[in-house]
Amino acid sequence: MGRVTERRRVIRIRDGAVSTRPDTLVAEEPMEIRLGGKPLAITMRTPGDDFALAAGFLVSEGVLASAAELANIVYCAGATGEGGSNTYNVVDVRLADGVPVPDITLERNVYTTSSCGLCGKASLDAVRTTAHWPLDTSPDTPVRIEPATLSALPDRLRAAQRVFERTGGLHAAALFTTDGELLDIREDVGRHNAVDKIVGRALQQGRLPLSSCVLMVSGRASFELVQKAVMAGIPVLAAVSAPSSLAVDLAIETGLTLVGFLRGTSMNVYAGEHRLALSAAASTD
């Protein structure tokens, strides 16, 4: 199986001094996801938690909603390796008896790079999947979080990133309670893969929907990450960088609380502000 990190020779230049040393890099390898033996998607990912990644991807695609719908996930031996060897880069997902298998067409096939989980989609309509657990949009929703709690999440995320400390080349997604307790964290070269691994593990453990959780991601908040949060029933998504306009539109449409530019005590709330314990004196310019 592929390793999370690899070593490469690097020439280091510091203040004019030249030296040669080994450097630790994050591994990136392709993984093909098959559904019932039929190719569905290829993603560039960091090896590890591959079954969770596949399961989480299928949650975001609306194929899976519970562990009971999943029969098993296996590596395909000899799928691409020479001499029939197992590359551990192809996984096949089998659905439980009675669970309908979606029609897999060329239009639906997805090639996902490590930076974009939706490249190749025919249209935005193809990713506006009906959520299994619509988010509660009522102002009286029990999910409430203090801004001070949100402010602490980026540091807690970074402190828990073990591989990032060695490579500096990984995104992370973490699941927190509304009190700021870390529940799970996954790292990957692709931010969408890190989220899929989080969601996939939750599905495998029978914990969907994640209706009392906060999803914290490194980097920006794209449309795909909002979609994945909504499909997992997560009511709050926070990111250290900017959201896209389409991400904000989808958050408003689905009732998701979307927070961006979460740095220190500063943040921008783009949607779902009713879940934040804001001061009554907050102005709306």
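Answer with yes or no whether Arg21 is at pLDDT 90 or above and outside the structural domain of Gln227 (by TED's automatic domain parsing). When the stated conditions are applied, Arg21 does not pass them. Taking segment 9-57 as the region of interest, the strands (runs of 3 or more DSSP E) fully inside it that hold 1 or more residues being within 17 Å of the chain's Cα centre (by Cα) and not polar (S, T, N, Q) are 29-35, 38-45.
In the condition set (1) over 30 Å from Ala67 (Cβ atoms); (2) in contact with a strand residue (DSSP E or B) (Cβ under 6 Å, 6 or more places away or on another chain); (3) modelled with pLDDT of 90 or more, His274 is compliant with all but (2). Taking the conditions (1) modelled with pLDDT under 90; (2) buried (at least 24 other Cβ atoms within 10 Å of the Cβ) in turn, Glu253 satisfies each one other than (2).
Inspection of segment 51-66 identifies no residue that is within 20 Å of Ala202 (Cα to Cα), of a type in the set (Asp, Glu) and modelled with pLDDT of 95 or more. So for segment 223-241 (the condition being surrounded by fewer than 22 Cβ atoms within 10 Å (Cβ to Cβ), of a type in the set (Lys, Arg) and touching a residue at least 40 places away in the same chain (Cβ under 8 Å)), does at least one residue qualify? Among the residues of segment 223-241, not one is surrounded by fewer than 22 Cβ atoms within 10 Å (Cβ to Cβ), of a type in the set (Lys, Arg) and touching a residue at least 40 places away in the same chain (Cβ under 8 Å), which makes the answer no. Just one residue in the set Asp196, Asp179 is within 11 Å of the chain's Cα centre (by Cα) and acidic (Asp, Glu); that residue is Asp196.
The values are calculated or read from the model by the stated rules, or taken from the named source; none is laboratory data. These numbers come from a predicted model, not from an experiment. Here the Cβ is made from the backbone with ideal geometry for all residues, glycine too, and neighbour counts use every protein chain on show.
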